[in-house]
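Colleague: I'd like to ask some things about the structure below.
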C-alpha cells in the first residue's frame, strides 16, 4: 500500500502518556475515591443498575501493581460516527495488553456492535496495529450504529464472549454507545459472566463532557480542521471583498463545535443554539441579527463576511421546533405514503396547510421553498423530520437576503449582498489526529487496559487535567452510571448519559459574548492554518480554546 510522507512520519510518532502511566504496567496502583451517584434520577438509575451503580471513582498512581494475574482476552469495537484518534485508542489498549503479558490477546470486532453480534472479528498483531498508529479514521475495523440494548442481543454477546474466552469488552463511542456499554456491563455482572465492560468517550460534537470528562476525543482535531477551512474562507473573503459565506458545522444537539470554531477564527456572526433556545429567539430575530451585521459592514464599505451556524440550529428555535413536531404528527403512520402520492407541490402545500395549526403554518409559509421541501424529505427510522437534511446555511442566507431587500426599499441599506454556502462535517471526522488527540486517545486506550487489569466494569476510561502538558495528565476511571439520567425515548423512560450543552455562563461563551459585537462590524478574522505536528510545543501540542478558557489558561 502506498502511503504519503506525512503518514510514514506519523507511524513513528510516540504518543505521550500521563506521568503515572509511563512507569509501566507493573508499577501502577489504584487510589479509590468516593462512591458516586447519578447526575439525576438517582433512585431510578440505582434500581436499573443494582450491580454497577454507586461504584467509586478511581485514579492510577505510581506504585506496585497488586492486581490479580491472569491472561486477558479483550474485545474492542468502534461505535457510531468516526472521530480522529480512534485508532490510537486501540493502539494504546493493545500496547498495554502486550506490556502486561505477551500472551494477552486483543480481538477487533468489525463494523461496530454488529461485529459482536455476528462474531465478525480480526485478531490484532504487531504488524496489523503498526499500520494504523496515529492515523485518522475508523477503517482499522470499521464502525456501525447498531445499538446494544435488548436482552436478546446481550445473550448473543455473552455467547460470543464465551466462545473466545473474552475477559473484557471495550466500547469506543459517544453518549448512546457508552449508555449501551453501561447496560451491557450490568447484564454481564448480573449473569456473573466474568466479562468486564469499559467505555471510552468519543464524539467530535463535544457534548460528551462533564466535571469528570473534560473533552471527548476527536473534538480537538475536528474543530482545528474546520477552523483551518473557515480561516481560509475568511482570508478569501477579505481578499475578494464580495461574498458573505454561510458556514454550517457539525453539532446536531449542541453548539460546541460552532463556538470553538468562532473562538479560533473570529467570524462576524456565530449562532449558538443554546442561546437561541434560552432567549426564545424567532427566525425573524436571528435574521435581523445577521442583517444588522451585514448593514453595518456595508456602511463601512465591507460587503463581505462570514457566518457560522451549528448543524442543529433549527431545533433550538422554538417556533421551528414546534413546526417540526407538528409535521411529525401530520405524517405519522400511513400519512407519509398519502403525502408522497400527491403529484404537485402546490397540492402538497394545501395538504400541509390543512394539517398544521395556524401558528405552525405561518412559520412554514415564511420559509424559502427549498427549505419547505427539505422538511418533507425522507423520514428518519422513527418517522421524524431529518433535521440534518435541512440546509440551515441556505435558510438564513435567503431570509437575510429578503430582509435586506426590505431595508434597501426603506433606504437604510445600500450595500451588495452575494452569498456562498458551505457545510463542514465529514471533512473533520477522519483527519489525521492532532498531537493532542493522538496523545489523549493513546492514553485512553492504555488506561482502559489498566481498568480491566484491576477488575473494574461499567467504567469509562478517564484522563483529566488536559489543559496541562501530558506528563501532568491524571488517569483513572469513573462509573458510567454517574453520568446518567432518565429521558423519555420513543414513549419509554430510558437511562441515558446526559448530553452536555454549551453553558451560557461558562468561560468560553462569556469570552465569545464579550467580543462578538466588535467581530460583527470589524474585520477581526484570525487564521489558524493547518494542524501542526512538528515544531514548538505551543504550536503543535496546544489544545482547544474552549478547554483553555474553561481551565483559566486564557483570559
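Colleague: Would it be correct to say that residue 262 is under 26 Å from the mean Cα position of the chain (by Cα), surrounded by fewer than 20 Cβ atoms within 10 Å (Cβ to Cβ) and in the same structural domain as residue 403 (by TED's automatic domain parsing)?
Modeller: no
Colleague: Further question: Residue under question is residue 343, and the condition is that it be out of contact with any helix residue (DSSP H, G or I) (no Cβ under 9 Å at 6 or more places or on another chain), more than 30 Å from residue 472 (Cβ to Cβ) and assigned to a loop (DSSP other than H, G, I, E, B); does it hold? Walk me through how you get there before you give the answer.
Modeller: Numbers: out of contact with any helix residue (DSSP H, G or I) (no Cβ under 9 Å at 6 or more places or on another chain): yes; more than 30 Å from residue 472 (Cβ to Cβ): yes; assigned to a loop (DSSP other than H, G, I, E, B): yes.
For residue 343, the condition - out of contact with any helix residue (DSSP H, G or I) (no Cβ under 9 Å at 6 or more places or on another chain), more than 30 Å from residue 472 (Cβ to Cβ) and assigned to a loop (DSSP other than H, G, I, E, B) - is met.
Colleague: I'd like to know if the stretch 328-335 contains one or more residues that are modelled with pLDDT under 95, in contact with a helix residue (DSSP H, G or I) (Cβ under 8 Å, 6 or more places away or on another chain) and under 30 Å from residue 205 (Cβ atoms).
Modeller: Looking through the stretch 328-335, at least one residue is modelled with pLDDT under 95, in contact with a helix residue (DSSP H, G or I) (Cβ under 8 Å, 6 or more places away or on another chain) and under 30 Å from residue 205 (Cβ atoms).
Colleague: Is it true that some residue in the stretch 425-446 is over 30 Å from residue 4 (Cβ atoms) and in contact with a helix residue (DSSP H, G or I) (Cβ under 7 Å, 6 or more places away or on another chain)? Even if it seems obvious, please write down each step before you answer.
Modeller: Within the stretch 425-446, the subset over 30 Å from residue 4 (Cβ atoms) is none.
No, the stretch 425-446 contains no residue that is over 30 Å from residue 4 (Cβ atoms) and in contact with a helix residue (DSSP H, G or I) (Cβ under 7 Å, 6 or more places away or on another chain).
Colleague: Of the conditions (1) under 19 Å from the mean Cα position of the chain (by Cα); (2) at pLDDT 95 or above; (3) surrounded by 15 or more Cβ atoms within 10 Å (Cβ to Cβ), residue 497 satisfies every one except a single condition; which number is it?
Modeller: Of the numbered conditions (1) under 19 Å from the mean Cα position of the chain (by Cα); (2) at pLDDT 95 or above; (3) surrounded by 15 or more Cβ atoms within 10 Å (Cβ to Cβ), the odd one out for residue 497 is (2).
Colleague: If a residue counts only when it is at negative phi and at pLDDT below 95, which strands (runs of 3 or more DSSP E) contained entirely in the stretch 6-109 have at least 1 such residues?
Modeller: Per the criteria, 28-35, 56-62.
Colleague: Between a residue in the stretch 376-403 that is on the phi > 0 side of the Ramachandran plot and any residue that is in a loop (DSSP other than H, G, I, E, B) and buried (at least 20 other Cβ atoms within 10 Å of the Cβ), which pairs come within a Cβ distance under 8 Å, given they are 6 or more apart or on different chains?
Modeller: From residues that are on the phi > 0 side of the Ramachandran plot, the pairs are 383/331.
Colleague: Collect the residues in the stretch 466-493 that are in a strand (DSSP E or B) and without any contact (Cβ under 8 Å) to a residue 24 or more places away in the chain, keeping them in residue-number order.
Modeller: Correct list: 487, 488, 489, 492.
Colleague: Here is a follow-up. Any residue at all in the stretch 413-424 that is free of Cβ contacts under 8 Å to residues at least 24 places away in the same chain, within 28 Å of residue 244 (Cα to Cα) and either more than 24 Å from the chain's Cα centre (by Cα) or not assigned by TED's automatic domain parsing to the domain that holds residue 181 (or both)?
Modeller: Checked the stretch 413-424: no residue is free of Cβ contacts under 8 Å to residues at least 24 places away in the same chain, within 28 Å of residue 244 (Cα to Cα) and either more than 24 Å from the chain's Cα centre (by Cα) or not assigned by TED's automatic domain parsing to the domain that holds residue 181 (or both).
Colleague: Regarding residue 122, is this residue within 22 Å of residue 458 (Cα to Cα) and either in the same structural domain as residue 475 (by TED's automatic domain parsing) or not in a strand (DSSP E or B) (or both)?
Modeller: Judged against the criteria, residue 122 is not a match.
Colleague: If you check 80, 92, 108, 85, which single one turns out to be in the same structural domain as residue 195 (by TED's automatic domain parsing) and out of contact with any helix residue (DSSP H, G or I) (no Cβ under 6 Å at 6 or more places or on another chain)?
Modeller: Matching residue, one of 80, 92, 108, 85: 108.
Colleague: Just to verify a result, which residue in the stretch 318-332, among those that are without any contact (Cβ under 8 Å) to a residue 12 or more places away in the chain and either over 17 Å from residue 284 (Cα atoms) or crowded, with 17+ Cβ neighbours inside 10 Å (or both), is farthest from the chain's Cα centre (by Cα)?
Modeller: 329
Colleague: Still on this model: Just the residues that are buried (at least 24 other Cβ atoms within 10 Å of the Cβ) and over 23 Å from residue 252 (Cβ atoms), please, taken from the stretch 167-187.
Modeller: Within the stretch 167-187, 168, 169, 170, 184, 185 meet the criteria.
Colleague: A further question on this structure: What do you reckon, is residue 308 within 30 Å of residue 550 (Cα to Cα), assigned to a helix (DSSP H, G or I) and modelled with pLDDT of 95 or more?
Modeller: Values: within 30 Å of residue 550 (Cα to Cα): yes; assigned to a helix (DSSP H, G or I): no; modelled with pLDDT of 95 or more: yes.
It is false that residue 308 is within 30 Å of residue 550 (Cα to Cα), assigned to a helix (DSSP H, G or I) and modelled with pLDDT of 95 or more.
Colleague: Moving on. Restricting the stretch 533-555 to residues that are within 23 Å of the chain's Cα centre (by Cα) and assigned to a helix (DSSP H, G or I), which is surrounded by the most Cβ atoms within 10 Å (Cβ to Cβ)?
Modeller: Ranking the qualifying residues of the stretch 533-555, first place goes to 546.
Colleague: Among the residues that make up the stretch 21-36, is at least one of them under 28 Å from the mean Cα position of the chain (by Cα), surrounded by 12 or more Cβ atoms within 10 Å (Cβ to Cβ) and farther than 30 Å from residue 487 by Cβ?
Modeller: yes
Colleague: Any residue at all in the stretch 521-532 that's in the same structural domain as residue 306 (by TED's automatic domain parsing), touching a strand residue (DSSP E or B) at 6+ places or on another chain (Cβ under 7 Å) and not in a loop (DSSP other than H, G, I, E, B)?
Modeller: no
Colleague: Go over the candidates 463, 502 one by one and state the one that is within 30 Å of residue 147 (Cβ to Cβ), modelled with pLDDT of 95 or more and part of a loop (DSSP other than H, G, I, E, B).
Modeller: 502
Colleague: So which of 156, 195 is buried (at least 18 other Cβ atoms within 10 Å of the Cβ), touching a residue at least 12 places away in the same chain (Cβ under 8 Å) and assigned by TED's automatic domain parsing to the domain that holds residue 88?
Modeller: 195
Colleague: Do we find a residue being under 19 Å from residue 444 (Cβ atoms) and not in a helix (DSSP H, G or I) anywhere in the stretch 148-166?
Modeller: Looking through the stretch 148-166, none of the residues is under 19 Å from residue 444 (Cβ atoms) and not in a helix (DSSP H, G or I).
Colleague: Across the stretch 505-520, which residue is farthest from residue 298 (Cα to Cα) among those that are in a helix (DSSP H, G or I) and within 24 Å of the chain's Cα centre (by Cα)?
Modeller: It comes out as 507.
Colleague: Please work out which one of (1) touching a helix residue (DSSP H, G or I) at 6+ places or on another chain (Cβ under 6 Å); (2) closer than 17 Å to residue 448 by Cα is the condition residue 59 fails and give its number.
Modeller: (1)
Colleague: Being in a loop (DSSP other than H, G, I, E, B) and crowded, with 22+ Cβ neighbours inside 10 Å is the filter here; which residues of the stretch 110-119 pass it?
Modeller: Taking the stretch 110-119 and keeping what is in a loop (DSSP other than H, G, I, E, B), we get 110-112, 119.
Within the stretch 110-119, 112 is the sole residue that qualifies.
The values are calculated or read from the model by the stated rules, or taken from the named source; none is laboratory data. All figures in this text were calculated on a predicted structure; none of them were measured in a lab. Neighbour counts are summed over all protein chains in view; Cβ atoms, including those assigned to glycine, are modelled from backbone coordinates with ideal geometry.
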